[in-house]
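Trainee: Below you will find the structure I want to go over with you.
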Amino acid sequence: MILENHGALVCGTSLPEAYIFHHFFELACRAQVGALAGGTPLNIPAASVCEERVKKFGRMGQYDAKSRDWVASMRWWKRITRITKSKRQDSWTSSFPRRRESRTNLENTTPTSNRR
């Protein structure tokens, strides 16, 4: 279901199934937008061809936590969040000036008087 001004609402019997349905829905939308952007009339297959394709390749109700699509998506998600966390930490720490003096150099200096 597509909600006006809100986006897609996708349901499934499990979280992996709903996630994978949403992923395929997004891919189909991208393909449609790309096809429409071509500016030429679309070549839409007959309904019987579409039904045969679903029978041959459709996997309705076979998506669960062991599905290769779900496992691959979770592996991708972990990699992306790890990269994002490291970038966030790098940008956060890089905003502070870094000390270039070593601890031995600091110990050898004499304290200066308090300035006000």
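FYI, it's all coordinate maths here, none of it is from the lab. This is a predicted model, so every value here is computed, not measured. Heads up, the Cβs are rebuilt from the backbone with ideal geometry, glycines too, and the neighbour counts pull from every protein chain shown.
Trainee: Within 10 Å, count the other beta carbons around each residue, average over each peptide in 13-19, 30-36, and list them highest first.
Mentor: Highest mean packing first, the order is 13-19, 30-36.
Trainee: Show me 40-46, 73-79 ranked by packing, highest mean number of other Cβ atoms within 10 Å first. Could you put the intermediate results ahead of the total?
Mentor: Working: 40-46: 7.6, 73-79: 11.3.
Highest mean packing first, the order is 73-79, 40-46.
Trainee: Could you tell me how many cubic angstrom of Cα convex hull volume region 1-46 has per residue?
Mentor: In region 1-46, the Cα convex hull volume per residue is 106 Å³.
Trainee: Let me ask something else about it. Over region 7-86, one equal point on each Cα, no solvent: what is log10 I(q)/I(0) by the Debye formula at q = 0.15, 0.17, 0.25 Å⁻¹?
Mentor: Log-scaled intensity ratios, in q order: -0.76, -0.90, -1.20.
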